[in-house]
Amino acid sequence: MLQVDPFSPIMIALLIETTLQMATPLVLTALGGMFSERSGIVNIGLEGMMLIGAFGAVAATFFSNNPWIGIVVAVIAGGLLAAIHAVITVKLKGNHIVSGTGVILFATGFTTLMLYVIWGARGISEEVTRVPQIIIPGIEGIPIIGEVFGSLSPMIYMMFFAVLISWLILYKTPFGLRLRAAGEDPSTLDAAGVNVETIRFVAVIISGCLAGLGGAYLSIGFGSRFGKLMTSGRGFIALAALIFGGWRPIGCFLAGMFFGFLDALQSFISLVVPELLPYNNFIQMIPYILVVIALAGIGRARPPKAVGTNYEKERPA
């Protein structure tokens, strides 16, 4: 049987590239969850927003034959679904967990139905045009770096940009200060004359837009089809990355990369040690087992003080 050197430049580059591919939807979605939860709104519906984004991207690309339109539609679809969650939790003061669960159930049923309506399929859509990769000339000869970054999806670069922009918004803008205050001490923010509901509403919509973008990467950035339930729990892994990253942009990025690496590692192990292929189902469990172990070891991670609590504006007597 052909032996593969796991420490060869080609294999190391493959592992890094696969890590970036696996981490991108997790980081984008975790950043979305960060905006929502830093404002005080729990958003376990990220899985559903990813799923609706993945479907919207493929459907829009199918009809327009333009994957960039697909990305825009994915972001809008995720934002619209998040707006429903915001209405229930912010305006109607509903239970955040129940609302998020409803979002997931709606996205699951809607995408399954529309998959059949548009393509007459019950499992997977027709192939569409995927987002073209960015090719950087002149770096092909650089070991590892050239093989990783010589040809990458632009959505991976969007992920890096989203981390930077999220950090700037959260810590360097008045909106970011108000958003953090809404999740820590909304009564003080209200006393300062800022509408807490508006801040939370906008934050939840931002979370849906980023989750929709993460879903679009799965369907037209990494792949070129929509498959039923194709997010496969990645929204929940993104929530884990959010907690593991301490509700901070850089933390979400590092945690997403870590979980992406664990996901890439199980593919890498199967490739390097083909004798383990009969145990592939067990190997696929490894990332999820390690995620649970990692979360169990957090201990001191502190969520925003007011997360999960509805805020009622005090009425003057």
**Estimated inter-spin distance, Ser187 and Ile145, nm [label 7 Å along Cα→Cβ]** = 5.5
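Only Cα pairs under 8 Å and at least 6 apart count here; give the relative contact order of the chain as a rounded whole percent. If you can, show how the numbers build up before the last one.
On the way: 583 pairs, mean separation 113.8, N = 317.
Dividing the mean separation by the residue count of the chain yields 36 percent.
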**Asked** Who wins for biggest fluctuation among Ala238, Ala192, Ala162 in a Gaussian network model of the chain, springs between alpha carbons below 10 Å?
**Response** Ala192
**Fill in**
Ordered by fewest other Cβ atoms within 10 Å, a rough proxy for footprinting exposure, Val72, Val90 read Val72, Val90
**Message:** For the chain, set up a GNM with springs between Cα atoms under 10 Å and report which of Gly146, Gly235, Gly221 has the largest fluctuation.
**Reply:** Gly146
**Item:** Eligible lysines near Lys91 by straight Cα distance, threshold 30 Å, same-chain separation 8 or greater
**Value:** Lys172, Lys305, Lys313
**Request:** Only loop residues by DSSP count here, and only those with at most 16 other Cβ atoms within 10 Å; note down the trypsin sites (Lys or Arg not before Pro) in region 139-245 that meet that.
**Result:** Lys228
**Message:** Using +1 at the C-beta of Lys and Arg and -1 at the C-beta of Asp and Glu, which of Thr111, Phe63, Phe35 has the Cα lying farthest in the positive direction of the dipole of the chain?
**Reply:** Phe35
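Fewest first, what order do Val27, Val103, Val307 take by the number of other Cβ atoms within 10 Å? Could the numbers behind the result be given before it?
On the way: Val27 31, Val103 26, Val307 19.
Least to most surrounded, the residues fall as Val307, Val103, Val27.
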**Prompt:** Pick from Phe236, Phe110, Phe259: which residue has the top mean-square fluctuation in a GNM of the chain where Cα pairs under 10 Å get a spring?
**Reply:** Phe110
**Request:** Calculate the spin-label point distance for Ile118 paired with Leu271, positioning each point 7 Å from the Cα along the beta-carbon direction, and give it in nanometres.
**Result:** 3.0
**Student exercise, the chain dipole from Lys, Arg, Asp, Glu Cβ charges, in Debye to nearest 20** = 920
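Ranking Ile199, Ile142 by Cβ neighbours within 10 Å, fewest first, what do you get?
Ile142, Ile199
Laboratory data are not the source of any read-out in this text; all were calculated from the coordinates shown. Please read all numbers here as calculations on a predicted model, not as lab measurements. So basically every Cβ, Gly included, is an ideal-geometry build from the backbone, and we count neighbours across all protein chains shown.
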